[in-house]
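Encoded as structure tokens, here's the structure I'll be asking about.
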Amino acid sequence: MKLCLHCESDMLVKKNFFMFKIPAAILLLLVPYGFVICWLPFLIPPNYACKKCGREFRKVKEVDWQVYEKMKQEKEKGK
Ligand SMILES: [Zn+2]
């Protein structure tokens, strides 16, 4: 599962920027030979936004759900 790098929350939202990528692809199609490069906007990697701390980032922390459960338990113990 994917976790926030900053607060280790799993409340992440993926931002694909399709609102930007699709018009960009259409514009490129209008350019001569644009069909060759119109897929380029789709190569831009998606962003992730954390609902908990409000930050945006490209990389997320990939954690096994079992590891996540352990982390959660350890956090609760620490309280
Ligand atoms: Zn966060």
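Read-outs throughout are calculated quantities, based only on the coordinates presented, and are distinct from any laboratory measurement. The structure displayed is predicted, hence computed values, not measured ones. Every residue, glycine among them, receives a Cβ derived from its backbone with ideal geometry; neighbour counts consider all protein chains shown.
Within segment 38-45, is even one residue surrounded by fewer than 13 Cβ atoms within 10 Å (Cβ to Cβ), under 10 Å from the mean Cα position of the chain (by Cα), more than 19 Å from W65 (Cα to Cα) and more than 16 Å from the ligand (Cβ to nearest atom)?
Yes, segment 38-45 contains at least one residue that is surrounded by fewer than 13 Cβ atoms within 10 Å (Cβ to Cβ), under 10 Å from the mean Cα position of the chain (by Cα), more than 19 Å from W65 (Cα to Cα) and more than 16 Å from the ligand (Cβ to nearest atom).
Inside segment 52-68, can you point out the residues that are away from the ligand (no atom under 14 Å from the Cβ) and among the aliphatic types (A, V, I, L, M)?
Within segment 52-68, V67 is the sole residue that qualifies.
List, please: which pairs have Cβ atoms under 6 Å, are six or more places apart or on different chains, and start with a residue in segment 1-30 that is under 9 Å from P41 (Cβ atoms) and end with one that is away from the ligand (no atom under 14 Å from the Cβ) and of a type in the set (F, W, Y)?
Pairs found: K21/F42.
Of all residues in segment 46-79, how many are surrounded by 12 or more Cβ atoms within 10 Å (Cβ to Cβ), among the aromatic types (F, W, Y) and in a helix (DSSP H, G or I)?
Residues flagged as surrounded by 12 or more Cβ atoms within 10 Å (Cβ to Cβ), among the aromatic types (F, W, Y) and in a helix (DSSP H, G or I) within segment 46-79 amount to 1.
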